[in-house]
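The values are calculated or read from the model by the stated rules, or taken from the named source; none is laboratory data. Since the model is a prediction, treat every value here as computed from it, not as a measurement. Backbone-built Cβ (ideal geometry, glycine too); neighbour counts: all protein chains shown. Note: accessible area is taken over every heavy atom of the protein model, side chains too, but ligands, DNA and RNA are not part of it. Shrake-Rupley method; radii C 1.70, N 1.55, O 1.52, S 1.80 Å.
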Amino acid sequence: MAPTSRPPVHSTSYSSCYSVTRPAPPASLLRSLLAAYSASDDSLHPGDIARETPGLAVDVGCGSGQLTIELAAVCREVVGLDPSSLQLQVSPL
């Protein structure tokens with residue numbers, strides 16, 4: 001198949017089906033992300049809010065938000081970005 005520069009066409013029914021059939025992200029992924037966050041201290045200053053609570057998480061390519069929802073449970077603020085507006089519309093966020 002020849003490469004194309006056009007984005008894939010998504011329908012509302014595809015996006016709805018995707019959101020209920022896509023497996024949840026593995027718990028190990030969230031643990032790895034939080035461990036990487038905890039290990040970074042390049043912005044740590046005395047008096048900062050405790051490192052146990054990540055501030056902002058950005059989920060790029062969030063689809064219908066499976067990982068975004070998991071991140072929202074442990075971060076103060078989460079932003080989900082996806083090129084498909086239909087995917088964002090079916091997100092429960």
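Here are some notes:
- Candidates LEU93, LEU88: the one that is within 12 Å of the chain's Cα centre (by Cα) and at pLDDT 75 or above is LEU88.
- PRO26 vs. criteria surrounded by 12 or more Cβ atoms within 10 Å (Cβ to Cβ) and at pLDDT below 90: no
- Enumeration of residues in region 64-84 that are farther than 16 Å from ALA24 by Cα, among the small types (Gly, Ala, Ser) and open to solvent by 70 Å² or more (accessible area, probe 1.4 Å): none
- Search result, residues across region 31-85 that are among the hydroxyl-bearing types (Ser, Thr, Tyr), in a helix (DSSP H, G or I) and modelled with pLDDT of 85 or more: SER32, THR68, SER85
- Verdict on THR4 being loosely packed, with under 10 Cβ neighbours inside 10 Å, of a type in the set (S, T, N, Q) and modelled with pLDDT under 80: yes
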